[in-house]
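For reference, the structure discussed in these notes is given below.
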Amino acid sequence: MKLTPKNYQSVAKILDFYSQFNPSPLSIKKFIDFGLNACERKSFIFLRKELPVRLANIMKEIALLPENLLRMPSVIAVNDWYMRSFQEIIEFEKMDEVSPTNLLHFCDSLVKIRNRHSDVVETMAQGVLELKESHDIDHQMEHSIQYFLDRFYMSRISIRMLINQHTLLFGGQLERAPGPNQSKYIGCIDPQCNIVSVIKDAYENARFLCDQYYLASPELVINQFRLTELERESDIRIVYVPSHLYHMLFELFKNAMRAVMESNGSLDQLPPITVTISKGKEDVCLKMSDRGGGIPRSLHDQLFKYMYSTAPQPSKSDAHTVPLAGYGYGLPISRLYARYFHGDLVIMSCEGYGTDAVIYMKALSNEANELLPIFNKTTSKFYRTVMPTGDWSNQATTLNSRQISMHYKKHQLPHSVQESMSEAI
Ligand SMILES: Nc1ncnc2c1ncn2[C@@H]1O[C@H](COP(=O)(O)OP(=O)(O)O)[C@@H](O)[C@H]1O
Ligand SMILES: [Mg+2]
């Protein structure tokens, strides 16, 4: 069906309907249990409701964005993709019969939707750039955009996770599953993810870029610590999505390498990057330490802002190559991946020395629940609230950004949203 202004209106009504439901977060354990007893029909019935719910929840938030941003060509394009995909999925809600043909058709639609949305991150970023180039952005608007992008990209991560699980389990794409021990994967989850091998993989690929750019690169040192004697001999393993872990590590390695290369004059004495892996009862932690000169404290609040970068922006003519840095999306998106399954990513830096970046992951797969944005009245209010003015002396500018980070603490959501979310979990 083509999108005309008329059926945009009717889609809007259906959107309202689905946005009243809260998304249902799943844990890694649930994904695995489901994958082990894989029933395509059950997955179809769950997804044909859950996907429109997740889409509608975030689409209602897109509609709350500042008007100027909504008018940017790239944002219009993203909005259109969401509308189309939403419409395509709700077609399946109307079907009474779950026939093999419908199941096949559903799988094909999911693949089509995944492909349609593959450039969403870049296109949305482009939309924000278009806005910045054509309008003055005040502090309030910047705040709303940051808040929105965190939720929007998190929603996207979660929708892709659902689509990937279904298409990998039922779409005959298993042979394309990533990693060396393909057969042990459950969809895109590795129940025995070897952390050291993901680290080495991410390191080698970042090192390739670093060598290309600087003609040298720092070495890697890995240390492992665990609570139990039993595990002492072997590499630490975790039930996790290796591609998510890889994404985070690749970004952290690129940052650490750039810092080491930029801050060390003599190339033959580069300090190594050290990754320490620890496994406790609750958490698996990965600490990446570099001696790349660190980050001044006054900039700490900026690190997780979209498009904050101290690297030159990669030129458009280099669009086909992967740059080492410059988009400013590395840290914020990586933190979303960590938080998606209730982990976290924090940066601790000492200016003049170096930086530690820690990735936390839940050690138990039943505690690794999805963290999802929920659209409700509090969310709407957030986009309209005027930022409070600082009430401490002398720090007008830094205080404002501190206030943001305090407000953002605990997964960057207002308290009331967190409450409603823990109920949902
Ligand atoms: N390990 C590090 N050492 C020094 N500075 C860092 C480190 N990691 C991140 N940064 C700073 O944070 C900024 C944002 O990082 P990121 O979000 O990955 O974007 P990008 O790498 O594209 O600039 C970097 O430009 C850099 O100034
Ligand atoms: Mg980076």
- Query: Highest mean first, what order results for 114-125, 252-263, 382-393 on Cβ atoms within 10 Å?
  - Reply: 252-263, 114-125, 382-393
- Evaluated over the stretch 45-151, the Cα radius of gyration and Dmax, each in Å: 16.3, 54
- Compute the length gained on full extension between Glu351 and Ser24: take 0.36 nm times their separation in residues and subtract their Cα-Cα distance, giving the result in nm to one decimal. 113.5 nm
- Item | R0 of 41 Å, Cβ-Cβ distance Val196-Asp119: FRET efficiency to nearest 0.05 | 0.80
- Taking the inverse of the average 1/r across all pairs of different Cα atoms in the stretch 200-320, what Kirkwood radius in Å do you get? 16.3 Å
- Task: For Lys281 paired with Asp96, estimate the spin-label separation in nm (one decimal), with each label point 7 Å from Cα along the Cα-to-Cβ line.
- Result: 5.5 nm
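Could you work out the Kirkwood radius for the stretch 79-212, taking every pair of different alpha carbons, averaging 1/r and inverting it, reported in Å?
For the stretch 79-212, the Kirkwood estimate is 18.2 Å.
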- Using r as the Cβ-Cβ distance of Ser134 and Ser380, and R0 as 25 Å, what FRET efficiency do you calculate, to the nearest 0.05? 0.45
- Item | Nearest-0.05 FRET efficiency for Thr310 and Ser243, computed from C-beta distance (R0 25 Å) | 0.35
- Query: Packing-wise, with mean Cβ within 10 Å as the measure, how do 14-26, 356-368 rank, highest first?
  - Reply: 356-368, 14-26
- Query: Could you give the Stokes-Einstein D for the stretch 249-314 in µm² per second, using the C-alpha Kirkwood radius, 20 °C, 1.002 mPa s?
  - Reply: 155 µm²/s
- Tell me the label-point distance for the pair Ser263, Ala12, using the 7 Å Cα-to-Cβ offset, in nm and rounded to one decimal. 5.2 nm
- Mind scanning Lys305/Lys377; Lys30/Lys362; Lys29/Lys200; Lys132/Lys381 and naming the pairs with a C-alpha gap bigger than 22 Å? Lys305/Lys377; Lys29/Lys200; Lys132/Lys381
- Give me the log10 of I(q) over I(0) for the stretch 261-386 at q = 0.14, 0.16 Å⁻¹, as the Debye formula computes it from C-alpha points; what are the numbers? -0.85, -1.03
- Item | Length added when fully stretched, Ser393-Gln212, from 0.36 nm per residue minus Cα-Cα | 60.4 nm
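Read-outs throughout are calculated quantities, based only on the coordinates presented, and are distinct from any laboratory measurement. It should be emphasised that the depicted structure is a prediction, and the values quoted were computed from it without experimental measurement. Using ideal geometry, Cβ is built from the backbone for each residue, glycine included, and neighbour counts are taken over all protein chains shown.
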